[in-house]
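See structure below.
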Amino acid sequence: MSNWYKDIQSFKNANGYEIDGIWYPRVTSIVGIKAKPALYMFYAGLPDYKTGEAIKAKSAEEGTLIHETIEAILRKDPVVIPESIKPAISAFMDFYSKNEVVAHKIEERVVSKKHHFAGTMDVLADVNGKLGVLDIKTSIAIYRDYSMQTSAYIEALRENPNMPPLTRWIFRVDQSRKCIKCPATLRDKGGREKIRNEKGKCEHEWGPMEGEYEIKEITTFDEDIKAFLACKDLWSWENEYWLKKIYR
């Protein structure tokens, strides 16, 4: 029984949105019920839980800064790019200059009244003539959880009978240093440096910070929304104590 929240309001603030007098659970809270093996391995490699939480908090700040800068560019607002994220933003600009991207909605709240959930999508955009949800991530990889998250946004948007056909993309942007002697990369996220792709012994010499991006169109909607709704059932079961108090 997940009754460790201080009170109903604490639970509601942490897990959802109040919209037109009705409380809806948040998409990211629902997806959060799924096991995350990569996250468990991250914590296992640290001295204690507190260290992990500090790294996560700083990583979230860095990710938010990249998000906000990209969204300002898509809005065509004047923007000053902080030095700390210039390589990542340069990578985004490389993509932006080579593709036709027109943003229609940015940081827009979407609500599914049919399934009773709400979320905030990053961008609804035309990308090279196709309309869809563009979800921006600053992770080291594109994780399968993102497919569930974005399927929920699509499901909510489709409740509008006038909505044209939609697709969705994960746009991942990152920055790291490459060793000039071997294939290794050095990534600093949340104040924690991590070396990857080491091959044998090498006295690394790191080059300048470089940005990178990848974009992946997700085409498995039926499977993903089924998985998301299964997560919602499990999340509702886990939080039955508070949901009964909210909806009594």
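Can you give me the ranges of the helices (runs of 4 or more DSSP H) entirely in the stretch 12-77 with at least 1 residues that are charged (D, E, K, R)? Reasoning before the result, please.
Working: elements: 27-31, 37-44, 49-75.
In the stretch 12-77, the matching helices (runs of 4 or more DSSP H) lie at 49-75.
If I ask for residues that are out of contact with any Phe, Trp or Tyr (no Cβ under 6 Å at 6 or more places or on another chain), of a type in the set (Asp, Glu) and loosely packed, with under 13 Cβ neighbours inside 10 Å, which ones from the stretch 166-219 would you list?
GLU193, GLU203, GLU205
Does at least one position in the stretch 154-168 carry a residue that is over 15 Å from the mean Cα position of the chain (by Cα), among the charged types (D, E, K, R) and part of a loop (DSSP other than H, G, I, E, B)?
Yes, the stretch 154-168 has at least one match.
Sort out which residues of the stretch 167-207 are aliphatic (A, V, I, L, M) and touching a residue at least 40 places away in the same chain (Cβ under 8 Å), and write them in order of number. Spell out how you get there, then give the answer.
Applying the first criterion (aliphatic (A, V, I, L, M)) to the stretch 167-207 yields 170, 173, 180, 184, 186, 195.
Hits for the stretch 167-207 are ILE170, VAL173.
What do you reckon, is ILE225 assigned to a helix (DSSP H, G or I), closer than 19 Å to ASP145 by Cβ and within 18 Å of the chain's Cα centre (by Cα)?
yes
Name the residues in the stretch 103-119 that are without any contact (Cβ under 8 Å) to a residue 60 or more places away in the chain and surrounded by fewer than 19 Cβ atoms within 10 Å (Cβ to Cβ), would you?
Across the stretch 103-119, the qualifying residues are ALA103, HIS104, LYS105, ILE106, GLU107, GLU108, LYS113, LYS114.
Among the residues of the stretch 21-60, write down those that are at pLDDT 90 or above and out of contact with any helix residue (DSSP H, G or I) (no Cβ under 9 Å at 6 or more places or on another chain).
Scanning the stretch 21-60 gives GLY21, ILE22, TYR24.
Would you be able to say whether some residue in the stretch 140-158 is over 30 Å from ILE55 (Cβ atoms) and either basic (Lys, Arg) or surrounded by fewer than 16 Cβ atoms within 10 Å (Cβ to Cβ) (or both)?
Yes: one or more hits.
Out of the residues in the stretch 185-208 that are modelled with pLDDT of 90 or more and outside any strand (DSSP E or B), which is farthest from SER84 (Cα to Cα)?
Filtering the stretch 185-208 for residues that are modelled with pLDDT of 90 or more and outside any strand (DSSP E or B), the one farthest from SER84 (Cα to Cα) comes out as HIS204.
From the set of residues in the stretch 227-248 that are surrounded by 13 or more Cβ atoms within 10 Å (Cβ to Cβ) and basic (Lys, Arg), which is nearest to ALA156 (Cα to Cα)?
Filtering the stretch 227-248 for residues that are surrounded by 13 or more Cβ atoms within 10 Å (Cβ to Cβ) and basic (Lys, Arg), the one nearest to ALA156 (Cα to Cα) comes out as LYS232.
Please find, among ILE140, ILE89, the residue that is among the hydrophobic types (A, V, I, L, M, F, W, C), assigned to a loop (DSSP other than H, G, I, E, B) and touching a residue at least 40 places away in the same chain (Cβ under 8 Å).
Only one candidate qualifies: ILE140.
Hey, any hits in the stretch 19-33 for a residue that's surrounded by 16 or more Cβ atoms within 10 Å (Cβ to Cβ) and of a type in the set (D, E, K, R)? Give the steps one after another, and end with the answer.
Taking the stretch 19-33 as the starting set, the residues that turn out to be surrounded by 16 or more Cβ atoms within 10 Å (Cβ to Cβ) are 23-27, 29-31, 33.
From what is left, the residues that are of a type in the set (D, E, K, R) are 26.
Looking for residues that are surrounded by 16 or more Cβ atoms within 10 Å (Cβ to Cβ) and of a type in the set (D, E, K, R), one finds at least one in the stretch 19-33, hence yes.
The values are calculated or read from the model by the stated rules, or taken from the named source; none is laboratory data. Predicted model, so just to flag it, every value in this text is computed and none were measured. Here the Cβ is made from the backbone with ideal geometry for all residues, glycine too, and neighbour counts use every protein chain on show.
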